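Q: Encoded as structure tokens, here's the structure I'll be asking about.
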Amino acid sequence: MNIVVQKFGGTSVRNLECQRQVMQKVLRPYREGNKVIVVLSAMSGETNRLLALAREWSDNPDPAEADSLVSTGEQISCALFAMLLKQQGIACRSVLGFQAPIKTDCAYGKARIVDIDESRIKAMLDEYDILVMAGFQGCDNSQRITTLGRGGSDTSAVALAAAIRADICEIYTDVPGVFTTDPNMCTDARKLDSITYDEMLEMASMGAKVLQIRSVEFAKKYNVTVHVRSTFSDEPGTVVTKEDPTMEAALVSGIAYDKDQARITLINLADKPGVSAQIFTPLAEQRILVDMIVQNPSKNGKTDMTFTVPRADVDQTLKTLDSLRYEIGFEAVDSNLNVSKVSIIGVGMRNHSGVASRAFRALADENINILMISTSEIKITCLIDDKYTELAVRTLHKAFELENGPLGTA
Ligand code: ADP
Ligand code: ASP
Ligand code: MG
């Protein structure tokens, strides 16, 4: 049996009219004789609304109850969409995370999928032609509902495609594909026909929310080709796939930004072996994503250590550091929430020099101060004052002439 996996995001399912357009996309593979797994997000704005309710009810919402609450957004869109299909006489049903089941660990709010029972899904597909499956949610070993983190429906879709060994997973969204940068921020952004898993991983981890990073990790691990495209047109979108030697390796393929960052500095930290582990182990245990770590050369056995964390994790990070203050030995902690990360990504950077200097020159010409820099073999990231994010993105996009097609090849 041929199975097609299609995922539709929040704006695609936001009302009846949009869901009718979604139905047209779903009916195409169905009419060609395929079984279809449709993964849906909550209607746009719904997850935010539910999270706000949780915060209104409690200063510190219980994480398991918060997941039980926010997962209802996907339940609503799936039930409604299944009604539309049933009205067409199609054999289909809605399937929630615990019904599939999508088994996860118990890290409420940022759970990871650990297992999907392929045989159970295939059994449901024997009975139904279309399964309308809730994205973003799963259940843990104690049968409690979990959610996979913001944007998690992408991961649900790719993980399902991997579990049933579908060749392709289509991710339908409100833009026509993956662009050289966010098309809603830079009008010169250009759609890419294809992008490698590694580049997409960097783009996603550096803030391009068009795909959740975990979905790209799954796609790469299980070799699932992901096709990102628009719900509202028939144009082909962007294919996310493995690097192929015939592919043009663009020097720079895109610019990503992340405004959801904060900078933390530990002042006058004791410079002795084991200190970094003492700081970062408890943060890792709480699944706080630390990035851009910089330690200054020490003076008189003391140093400053600076790193970035997601803004949502600042309070927890500061609380943790405070509790370790005497054990670790530092004078003070300073935090700055008005920062953002701007990153330049391209596999061609591996064997080229000059990318960093070109980026720094372009930012300098616009008087944008760089607070921190970090690099990998295919990425350069600058931390800047967040009020310059848009200017920095446009400046770098222009500096690497991304509107004109791939610049240089490796
Ligand atoms: P969905 O609700 O369909 O999951 P998201 O809002 O999560 O959609 O992701 C799509 C959005 O990602 C776009 O509207 C766009 O603003 C943003 N985005 C950021 N960077 C990029 C990029 N490089 N290419 C395309 N979209 C991007
Ligand atoms: N509804 C969830 C969110 O808004 C998951 C998703 O849309 O992918 O983050
Ligand atoms: Mg999304």
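The values are calculated or read from the model by the stated rules, or taken from the named source; none is laboratory data. Bear in mind that the values here come from a model prediction, so they are computed numbers and not experimental data. Note that each Cβ is placed from the backbone with ideal geometry, even for glycine, and that neighbours are counted across all protein chains shown.
Q: So in region 120-139, with the set limited to residues that are touching a Ser or Thr at 6+ places or on another chain (Cβ under 9 Å) and part of a loop (DSSP other than H, G, I, E, B), which one is nearest to ligand 2 (Cβ to nearest atom)?
A: Looking at the filtered set, the residue picked out is Phe136.
Q: Also: Let me spell it out: the conditions are (1) under 20 Å from the mean Cα position of the chain (by Cα); (2) within 30 Å of Arg112 (Cβ to Cβ); (3) of a type outside the set (Asp, Glu), and Val393 meets all of them except one. Which number is the exception?
A: (2)
Quick grid of which residues meet (1) surrounded by fewer than 24 Cβ atoms within 10 Å (Cβ to Cβ); (2) away from ligand 3 (no atom under 16 Å from the Cβ); (3) assigned to a helix (DSSP H, G or I):
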residue	(1), (2), (3)
Asn141	yes, yes, no
Thr146	no, yes, no
Gly149	yes, no, no
Ser156	no, no, yes
Ile171	no, no, no
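Q: OK, next. Going by the conditions given, is Lys209 surrounded by fewer than 24 Cβ atoms within 10 Å (Cβ to Cβ), assigned to a helix (DSSP H, G or I) and touching a residue at least 40 places away in the same chain (Cβ under 8 Å)?
A: no
Q: Can you tell which of Asp258, Asp291 is under 25 Å from Phe360 (Cα atoms) and more than 14 Å from the chain's Cα centre (by Cα)?
A: On inspection, the qualifying residue turns out to be Asp291.
Q: Name the residues in region 145-165 that are under 25 Å from Arg20 (Cα atoms) and more than 13 Å from ligand 2 (Cβ to nearest atom), would you?
A: Result: Leu160, Ala161.
Q: Between Leu337, Leu266, which is assigned to a strand (DSSP E or B) and surrounded by 18 or more Cβ atoms within 10 Å (Cβ to Cβ)?
A: Leu266
Q: Report every pair of residues separated by at least 6 positions or lying on different chains whose Cβ atoms are under 8 Å apart, first residue within region 5-25 and closer than 20 Å to Ala91 by Cβ and among the polar types (S, T, N, Q), second away from ligand 2 (no atom under 16 Å from the Cβ) and assigned to a strand (DSSP E or B).
A: So the pair list comes out as Gln6/Val36.
Q: Then there is this: Among the candidates Thr104, Thr11, single out the residue that is under 15 Å from Gly151 (Cα atoms) and under 24 Å from the mean Cα position of the chain (by Cα).
A: Thr11
Q: Ok, one more. Look at region 278-323 and say how many of its residues are under 14 Å from Gln261 (Cα atoms), of a type in the set (Asp, Glu) and surrounded by fewer than 18 Cβ atoms within 10 Å (Cβ to Cβ).
A: Residues in region 278-323 being under 14 Å from Gln261 (Cα atoms), of a type in the set (Asp, Glu) and surrounded by fewer than 18 Cβ atoms within 10 Å (Cβ to Cβ): 2 in total.
Q: Here are some conditions: (1) modelled with pLDDT of 95 or more; (2) under 17 Å from Val4 (Cβ atoms). Asp167 meets all but one. Which one does it not meet?
A: (1)
Q: Of all residues being assigned to a loop (DSSP other than H, G, I, E, B) and within 23 Å of the chain's Cα centre (by Cα) in region 108-119, which is modelled with the lowest pLDDT? Just the residue, please.
A: Lys110
Q: Continuing with this model, one more query. Where residues in region 236-255 are at pLDDT 95 or above and more than 10 Å from ligand 1 (Cβ to nearest atom), which of them is surrounded by the most Cβ atoms within 10 Å (Cβ to Cβ)?
A: In this case the residue turns out to be Val240.
Q: If you go through region 124-175 one residue at a time, how many are away from ligand 1 (no atom under 16 Å from the Cβ), under 23 Å from Met83 (Cβ atoms) and out of contact with any Cys (no Cβ under 9 Å at 6 or more places or on another chain)?
A: 4
Q: Here are Pro282, Pro310, Pro297: which of them is at negative phi, free of Cβ contacts under 8 Å to residues at least 40 places away in the same chain and more than 16 Å from ligand 3 (Cβ to nearest atom)?
A: Pro297
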